[in-house]
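Chemist: Would you mind keeping the following structure in view while I ask a few things?
The values are calculated or read from the model by the stated rules, or taken from the named source; none is laboratory data. Since we're looking at a predicted model, the values are computed, not measured. Methodologically, a virtual Cβ is constructed for each residue, glycine included, from the backbone with ideal geometry; neighbour enumeration extends over all protein chains shown. We work out accessible area using only protein heavy atoms, side chains counted, and drop any ligands, DNA or RNA first. Shrake-Rupley method; radii C 1.70, N 1.55, O 1.52, S 1.80 Å.
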Amino acid sequence: MKIYIPGFAKDDRQKRLEYTLNQLQQSDGRGLVLFTNEDDLNRFREYAAEKTGFPIYFEGDAEISALVSKFQNNEQSVLCSVHMWEGLDIPGRALENVIIYSLPYPPNDPVFSAKREESKDPFHDVDLPYMLLRLRQGIGRLIRTHEDKGSVHILINKEEPAHVTELIKNALPTKVTQ
């Protein structure tokens with residue numbers, strides 16, 4: 001497994017889109033792109049439309065089991081999802097490239113709002129542990145058997161605090177490839 005952590009300016013959506021599509025083209029599909037929200041998924045859908053020679057399946061376009069089956073049976077395809085950070089088991093050549101489009105911090109919903117309100121340090125007590133767990137789950141989609149190989153790309157904001165970047169690197173199963 002090779003892991004890359006490219007940094008992007010927080011507001012530079014275009015570079016993030018270009019990087020993602022470029023990585024998928026280099027691996028001839030065979031990719032899973034994990035998004036943290038529907039807006040980013042839909043933005044990528046619009047950007048990638050008709051720019052590849054392989055199919056891209058988007059969560060929400062069909063029953064999830066049908067999308068996963070298509071993805072698994074067409075080695076040169078891509079699956080884009082907001083919810084498949086865990087439980088997706090695709091061994092073999094169909095999945096050799098996992099792209100984590102942005103750090104998976106918890107949503108701003110009532111459950112996490114309540115947890116944050118109860119904490120003296122919401123970022124370190126609630127947001128950071130959730131993000132690191134979710135990140136590990138996403139990375140875990142790549143290697144399902146001892147024969148699997150590939151790369152993981154974790155797209156982060158250049159403005160991410162240095163201590164957060166270090167925590168991410170320490171949570172990874174291998175060193176970051178330069």
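Chemist: Only residues that are of a type outside the set (A, V, I, L, M, F, W, C), closer than 22 Å to R134 by Cα and open to solvent by 60 Å² or more (accessible area, probe 1.4 Å): list them for the range 44-82, please.
Modeler: Those that are of a type outside the set (A, V, I, L, M, F, W, C), closer than 22 Å to R134 by Cα and open to solvent by 60 Å² or more (accessible area, probe 1.4 Å): G60, S65.
Chemist: While we're looking at this one, here's another question. Yes or no: the range 21-29 includes at least one residue that is over 23 Å from L103 (Cβ atoms) and open to solvent by less than 30 Å² (accessible area, probe 1.4 Å).
Modeler: yes
Chemist: Let me ask something additional. Would you mind finding the one in G138, G87 that is exposed (fewer than 13 other Cβ atoms within 10 Å of the Cβ), out of contact with any Cys (no Cβ under 6 Å at 6 or more places or on another chain) and closer than 30 Å to G53 by Cβ?
Modeler: Going through G138, G87 in turn, the sole match is G87.
Chemist: Does any residue in the range 116-136 that is under 12 Å from L167 (Cα atoms) come within less than 7 Å, Cβ to Cβ, of a residue that is open to solvent by 40 Å² or more (accessible area, probe 1.4 Å) six or more places away or on a different chain, and which pairs are these?
Modeler: Hits for this filter: L128/L167; M131/Y105; L132/L167.
Chemist: Going through the range 153-164 one residue at a time, which ones are in contact (Cβ under 8 Å) with a residue 24 or more places away in the chain and either surrounded by fewer than 17 Cβ atoms within 10 Å (Cβ to Cβ) or outside any helix (DSSP H, G or I) (or both)?
Modeler: Residues of the range 153-164 that are in contact (Cβ under 8 Å) with a residue 24 or more places away in the chain, as a first pass: 153-160, 164.
Within the range 153-164, H153, I154, L155, I156, N157, K158, E159, E160 qualify.
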